[in-house]
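Data block below; observations after.
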Amino acid sequence: MNCIFCKIVDGSIPSSKIYEDDHVVAFLDISPFEKGHFLVVPKCHVALLTELPAELLTHTISVVQRLSAHLLKCLPCDGFNLLQNNGSCATQTVPHVHFHIIPRFNGKALNWISGAYASGEEMKLFQARLTVNEK
Ligand code: 5GP
Ligand code: ZN
């Protein structure tokens, strides 16, 4: 299957992973609305939220909650947006279900525009700050 997120899951294309377990992976969005913007992605290929088995949804949303708490503390940031698009009419560009977690800051205007890291080094810095160390 020609799915970019399946390729990230199986490691055939690189990503800046910050968390992984048996069912879910989280990695930095390559074109972040804000630096530190990451995606939580169930490993099994399902296009839409409505197709995700209930048990996997429960697990995924608990990972979203845990990693959001981690983001607030470790980025740090003041708040965050949770975004989840379904269908091209809703601006879903990758048809593999995923949750966006977008850091937000007091006094900074909200933007919904894709940005970029200044360099691979800068992206690595954010990855290091947000990587979950279970130990
Ligand atoms: P959607 O619009 O489908 O909700 O969001 C897809 C997201 O995936 C976009 O924010 C886009 O920047 C991100 N994305 C697309 N291709 C890649 C990739 O190869 N690597 C990473 N890390 N993010 C990607
Ligand atoms: Zn996929």
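The values are calculated or read from the model by the stated rules, or taken from the named source; none is laboratory data. Predicted, not measured: the structure shown is a model, and the values here were computed from it. Every residue, glycine among them, receives a Cβ derived from its backbone with ideal geometry; neighbour counts consider all protein chains shown. Heads up: the accessible areas ignore ligands, DNA and RNA and are worked out on the full protein's heavy atoms, side chains in. Shrake-Rupley method; radii C 1.70, N 1.55, O 1.52, S 1.80 Å.
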*With each label point set 7 Å from Cα along the Cα-Cβ vector, what nm distance links N133 and K108?*
2.4 nm
*For F33, list long-range residues whose amide hydrogen, built 1.01 Å from N in the peptide plane, is under 5 Å from its own amide hydrogen.*
G115
*Long-range amide H partners of V24 with built H, under 5 Å*: K43
*222 nm [θ] for the chain, helices only, -39500 (n - 2.57) per DSSP H run of 4+, per residue, to 500?*
-9000 deg cm²/dmol
*aspartates and glutamates within cross-link reach of K7: Cα-Cα under 18 Å, excluding same-chain residues under 8 positions apart?*
E20, D21, D22, D29
*Quick one: pull the percent of accessible area on the range 4-130 belonging to carbon and sulfur, 1.4 Å probe, ligands and nucleic acids left out.*
60 percent
_With every protein chain kept in place and ligands, DNA and RNA left out, what is the accessible area per residue of the chain? Probe 1.4 Å, answer in Å²._
55 Å²
*For the pairs K43/K73; K17/K124; K17/K108; K35/K124, note any where the Cα-Cα span goes beyond 19 Å.*
K43/K73; K17/K108
*Between beta-carbons, use under 15 Å as the cut-off and find the net charge around V63, counting Lys and Arg +1, Asp and Glu -1.*
-2
